[in-house]
Amino acid sequence: MKRVTIKATCSSANLGSGFDTFGLALEAFRDTLTAELTDRGIAVKFTGLGAEGIPANPERNTAGLVAKALIADRGVGVKLHVEKGIPLKMGLGSSGASAAACAVALNELLNLRLSKNEIIKYAAMGEVAAAGAGHADNVAASVLGGFSIVQTWDDRIVAVRLDPPSNLEVALALPCIESPENKTAKARAVLPIMVDFKSAMSNTQNAASVVAGFHFGDIEMIGRGMTNLIVEPARKQFIPGFDAVKKAALKAGAAGATISGAGPAVIAIVDLTKNSASDVASAMKEAFKHEGISCEALCTKPSLSGAVKI
């Protein structure tokens, strides 16, 4: 086999308290990557949503960096075509999905027999191109699907997947805000170097609540755990009206709401047996509108499939 096509889901990282640890795969958007083995070199072509803004140089995009790591010293080259379906610079794991799809594709083409954790580790290498550092929260969600938890252990990445509750629905608000170049790197740069003990303890409790909520299928428990006292206060400066949008989401029935990844998208989770995700999405859109910001609002479900061959 010399050619394979992989679809990878978008994702929302952090879920508030789980910075660089939690990821939730979402059905809303997907990237499609086709990889074809060649004699030498790496060629990358992007088409689709926002493709004109992605460097084709393999050293400067996530899929290219993953390919470079995986084909090193193997005496082959690869041609990659990425059809972008995930909005760029929105906090929905666009760069991570391309990296995840590339790692899965080359594992298949080269018959590498990598474990899921090894695939995630290679995919995380690609995030250096987008964020200035390798982080595995988005790529783990795009590889595994569902809700994922990642841990770095002795230079290894260990990832665990939990199935989201079947009654969990997601409302997304995608504001039309001009994002700077290297947005994710800038969003990481504003994070505090030191935090007070009380905030650290609170985040630990809240992160535990998120994990327990997914384990027990308790959406209210997940929502309570999405509160973040460290990262969210630092990053909300990039999202005009964020506090009002979050308040509107909770008032409309969301169990929890926070910044999606590095933003500016806002994610809210809803128990569809109790409240309407559509009402929550509309409330967030209206709150952004009140701040003078146009916004796309939509509802989606967690994706259970992750990155798959088509």
### Message
Looking for something under 20 Å from Gly16 (Cβ atoms), in contact with a helix residue (DSSP H, G or I) (Cβ under 7 Å, 6 or more places away or on another chain), assigned to a loop (DSSP other than H, G, I, E, B) and assigned by TED's automatic domain parsing to the domain that holds Ala189 - is there at least one such residue anywhere in region 264-275?
### Response
yes
### Query
Based on what the data block shows, is Ile193 assigned to a loop (DSSP other than H, G, I, E, B) and out of contact with any Leu (no Cβ under 6 Å at 6 or more places or on another chain)?
yes
### Message
Considering only residues that are in contact with a helix residue (DSSP H, G or I) (Cβ under 7 Å, 6 or more places away or on another chain), among the hydrophobic types (A, V, I, L, M, F, W, C) and surrounded by fewer than 24 Cβ atoms within 10 Å (Cβ to Cβ), which ones fall in region 243-263?
### Response
Ala244, Ala252
#### Entry: Residue identified as modelled with pLDDT under 95 and out of contact with any Phe, Trp or Tyr (no Cβ under 7 Å at 6 or more places or on another chain) among Leu172, Leu229
Leu229
### Task
Could you tell me which of the residues Gly306, Gly253 is part of a loop (DSSP other than H, G, I, E, B), of a type outside the set (Phe, Trp, Tyr) and free of Cβ contacts under 8 Å to residues at least 40 places away in the same chain?
Gly253
### Query
Out of region 108-137, which residues are in a loop (DSSP other than H, G, I, E, B) and either at pLDDT 85 or above or closer than 18 Å to Val44 by Cβ (or both)?
Leu110, Asn111, Leu112, Arg113, Leu114, Ser115, Glu127, Ala136
### Message
List pairs: first residue in region 162-180 and over 21 Å from Gly223 (Cβ atoms) and assigned to a loop (DSSP other than H, G, I, E, B), second residue modelled with pLDDT of 95 or more and hydroxyl-bearing (Ser, Thr, Tyr) anywhere in the structure, Cβ distance under 9 angstrom, at least six positions apart or on different chains.
### Response
Cys176/Ser294
#### Entry: Of residues in region 55-105 being free of Cβ contacts under 8 Å to residues at least 60 places away in the same chain and of a type in the set (Lys, Arg), the one surrounded by the fewest Cβ atoms within 10 Å (Cβ to Cβ)
Arg74
### Residues located in region 277-302, provided they are under 23 Å from the mean Cα position of the chain (by Cα), surrounded by fewer than 22 Cβ atoms within 10 Å (Cβ to Cβ) and assigned to a helix (DSSP H, G or I)
Ser278, Ser282
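The values are calculated or read from the model by the stated rules, or taken from the named source; none is laboratory data. For clarity, every value in this text was computed on a predicted model and none was experimentally measured. Neighbour counts are summed over all protein chains in view; Cβ atoms, including those assigned to glycine, are modelled from backbone coordinates with ideal geometry.
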